[in-house]
């Protein structure tokens, strides 16, 4: 047994060595030298030409900036490859090199932590009083605490004076909503690492190959949509009428949201009601209708009876083995089901995607959120607070104006994530990418690709037919893509923001998780058969009593101040 | 084992045979139930993702391939983490065992022979019930400049109180005559512990060794907390960070979409197998110590 | 031969026992540094603790407010009840099952059968609940799980083990035993092998059969170990198993399966909730301490036996 194990282990180790020894076709060293060299040589002249020299002025003396940083599974996969090709790692890479060579900034990382653990580790540093000069904070309450404790400085002046005008413009594209998330008494305590804001938007996905087979027309109203679900089951094509999961509460709403929006209900959003006041969507009467519908469908066996204990991955199994043909979900659903492409005889699987209609056939407005990758905060003890902005400006330059923006931002898909501070994309990033791709496909000219469209183009034209299929369904030229729907929604003013994004109050911090639990349990109970009206009334009463009333007051106060 | 080997062969009772068959059947069934989850994990690790995502794998792989293993073993980060865990396990277990024997011996003495024993016993025991919390623990380790070193992983865990109490109990059962004999021969406490107690308590020590090894091998949280440099992560910390689903709260759409590509259940299962096999293989080696320790002939007078 | 007992002075006692104190010293130092110093953090239980201000910073003292806050939350009592029930049942079963299995294994003569079984029953211990949980969801599925298939084949109705409040606790307890009984079995087997062989021989000479030997030699022989394990388990009386419940307990069964740890964990998702979490931890420590002190006192006063 011992011998066998040793042989096995040796064998596996040899295998791993062997695979690393294959000669590589690309001259990575040359590429690296070229890209980094270009930025180093040209950033100053670019800044001159565009009148932004001040924003990218290097320090006279070497300046150290301490930081901490997060990584995730995607980064882990990438950094291995970057290490092989270029010898990069988290502490020493292309970004740290240009920070040093261009701006004379030495970036020293105290620690790197996985996304899931980052908040915990940051709080350790806070508690132990070992916070670095510049760091990203994910939780709004942490920003508020740090501000209250005087650990971080307000950035109002610095934002005006040190951030590239183009970047500043992007921060204000949503009307200043994102910045208001970390604004306390008019003082802004962090700048955002921006992301596309539209990712929450829900779409309807229907198996169009089944529609064709059964001669079903495109749905006009929400009732038509439900009808299709029923028809699929009756025809023996599907086992369940619609997809739903509640075993993983953190992502449950991704799939529930769309169904509620069809009835003008917004369970996760603070909506402005007729009297101009804010109310939380989950407690509004509009919720009764979708709940009744879902209850009916559950009773009819149209919803997986085990939806309450299956997490997302498990629940998706039903879609992948062809048991469900109707999904309300975000645009990335297609990548989650791309494995169904491997199972025969499904090579003809096609999905139809449309916006969500209400009972009158009108497209409903959809809620979006001020998505971001945390806020960059600056320690009160930091001797060079403008350094963070300089780094962001240089990042922006490399990601948009260097000779190979894709290499900087999208090498192995995620090279931007290891930059000290990153992300200056516009809130409409996904939409812009889509438009760019359409232009490129129409003109058949890949040289027109910009930003992450390059990476997406690679996916769409990938030789891995699964990948190609999935990405084409989302961003490509397929007839019905979620991005096409998104374009329509945007152009017709059907996207609106959550109205209350202020830092969580004490009441919120103390009681929101309990209130959230209440909501989740109510939803599940009702869908599984509890009387809608009595259960919902009871829930609203409880929700308000625990803290809902107080928080609604606070929300309205904030709303009045920040209109 | 136990008393049976000493017995001479007698006429075998049919009731005994019946009992033995039922007993063994039940035990085999139990073992089968315990083995099946592993078989499932192995099957998934050898399967094609399409079948896995469709929920079609139970105990037999489909679309068999060893891609996941190959991919995993190719990663330098994996081997770094593996080496780190082995290092931690060896050092940590050694420290644990030394301290266990050293400390359990005095505590096993009755109050008459060691007046401080009850005080010390409670001194250790209370720490099993009370914990100062994450931040103070972090600060102690941080202040002692142990972060990013192996000591952050093996010093705070050096005294395993649960095992200490068990060990104390095992030591107490060593016949008093053995100790008296040693003391009369002029042996110090230390030598008595080393030359009498330890050999006699081999089953107990083997048990403790196993427990300590398993403990160190499975720890992930302290690795996450105290190892700031990603190259110093022990195996379970490294694995957890590719095993657990991503927190989407702050991800954007393309991250989530790309997550699907590495949401590779086959890979995760391969990781589990690779991470578990070493420790499982150690168990049979320890089993030979689960026999009666050296029986020092009964001491009379 | 012992020296004639003389009433020794404390200094003399210390000198005699010096070596014993010395042997204990390294562990004492380590425990002092790594377990006692951090106890300073218990003060967090009485503060509105903001990590941003630092451990030694000026945190607001709020007395018992953290305790009151947790007690005031609507689900607290069910959560406490679940914790006691689940932890209690686990303590009992995680005692009975391993002892029984150890005794069963002890009866097996052939080490070729015994060893593999001993090894294999320890396997589930190594699977984290993340994986084990996923396997269980499949296994116990009302529609496609093997267990339910057997139940329906025998004529019963399918049971939604992980989604029905009536069955959830039982499922949690039994699956925990499944995962961990191998661990306890090892300890008891080690104890059994430590029993003096001559005692069995004496019993046989007296004409005892295998059952009587087990009852009169084996069980008493491991009695102290069993009692000890039980008392140690009592020390975790409010530890119902975070990892397991975190992975298995979905909102639909919070009512019967939500325990202190998962409950407090969710409270802290937004901001860490250090104060309330520490308060709950302190509460658990006090409860455990009371249980164990009582057991210790009872054992000492009535049986003249020090548990440890």
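The values are calculated or read from the model by the stated rules, or taken from the named source; none is laboratory data. Model, not experiment: these values are computed from the prediction. Because the Cβ atoms are built from the backbone with ideal geometry, glycine has one as well, and the counts that use them run over all protein chains shown.
General remarks:
- Within the range B:45-64, if we keep just the residues that are within 18 Å of residue A:343 (Cβ to Cβ) and touching a residue at least 24 places away in the same chain (Cβ under 8 Å), the residue that is surrounded by the most Cβ atoms within 10 Å (Cβ to Cβ) turns out to be B:53.
- Checking B:191, B:240 one by one, the residue that is under 30 Å from residue A:372 (Cβ atoms) and part of a helix (DSSP H, G or I) is B:240 and no other.
- Take the conditions (1) in contact with a strand residue (DSSP E or B) (Cβ under 8 Å, 6 or more places away or on another chain); (2) surrounded by fewer than 19 Cβ atoms within 10 Å (Cβ to Cβ); residue C:59 misses just one of them, which is (2).
- Here is the figure for the range A:374-388: residues that are part of a helix (DSSP H, G or I) and either free of Cβ contacts under 8 Å to residues at least 24 places away in the same chain or buried (at least 24 other Cβ atoms within 10 Å of the Cβ) (or both) total 2.
- The requirement of being within 13 Å of another protein chain (Cβ to nearest Cβ) and free of Cβ contacts under 8 Å to residues at least 60 places away in the same chain is fulfilled somewhere in the range A:396-409, by at least one residue.
- Answer from A:231, A:237 - the residue that is touching a helix residue (DSSP H, G or I) at 6+ places or on another chain (Cβ under 9 Å), assigned by TED's automatic domain parsing to the domain that holds residue A:307 and in a loop (DSSP other than H, G, I, E, B): A:237
- The range A:135-150 - residue that is in contact (Cβ under 8 Å) with a residue 60 or more places away in the chain, surrounded by fewer than 23 Cβ atoms within 10 Å (Cβ to Cβ) and touching a helix residue (DSSP H, G or I) at 6+ places or on another chain (Cβ under 7 Å) and, of those, nearest to residue A:178 (Cα to Cα): A:138
- Per the listing C:26, C:38, C:51, C:74, the residue uniquely within 30 Å of residue C:272 (Cα to Cα) and surrounded by fewer than 18 Cβ atoms within 10 Å (Cβ to Cβ) is C:74.
- Taking each residue of the range B:22-43 that is over 18 Å from residue B:274 (Cβ atoms) and looking for partners that are modelled with pLDDT under 90 and surrounded by fewer than 14 Cβ atoms within 10 Å (Cβ to Cβ) with beta-carbon atoms closer than 8 Å, six or more apart or interchain, yields B:36/B:59.
- Within the range B:140-156, if we keep just the residues that are touching a helix residue (DSSP H, G or I) at 6+ places or on another chain (Cβ under 7 Å) and part of a helix (DSSP H, G or I), the residue that is farthest from the other protein chains (Cβ to nearest Cβ) turns out to be B:153.
Quick grid of which residues meet (1) within 11 Å of chain C (Cβ to nearest Cβ); (2) assigned to a helix (DSSP H, G or I); (3) crowded, with 22+ Cβ neighbours inside 10 Å:
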position	(1), (2), (3)
B:178	no, yes, no
B:183	yes, yes, no
B:186	no, no, no
B:197	no, yes, yes
B:212	no, yes, no
B:216	no, yes, yes
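- Residue that is nearest to residue C:60 (Cα to Cα), among those in the range C:254-304 that are within 22 Å of the chain's Cα centre (by Cα) and not in a helix (DSSP H, G or I): C:259
- The listed residue being modelled with pLDDT of 95 or more and either part of a helix (DSSP H, G or I) or within 14 Å of another protein chain (Cβ to nearest Cβ) (or both), out of A:107, A:136: A:136
- One residue alone among B:126, B:159 is closer than 28 Å to residue C:264 by Cβ, at pLDDT 90 or above and in a loop (DSSP other than H, G, I, E, B), and that residue is B:159.
- Any hit, the range B:65-79, residues being facing another protein chain (nearest Cβ under 7 Å) and either more than 30 Å from residue B:47 (Cα to Cα) or part of a loop (DSSP other than H, G, I, E, B) (or both): yes
- Restricted to the range A:266-317, and to residues there that are touching a helix residue (DSSP H, G or I) at 6+ places or on another chain (Cβ under 8 Å), within 14 Å of chain B (Cβ to nearest Cβ) and not in a loop (DSSP other than H, G, I, E, B), the residue that is farthest from residue B:50 (Cα to Cα) is A:312.
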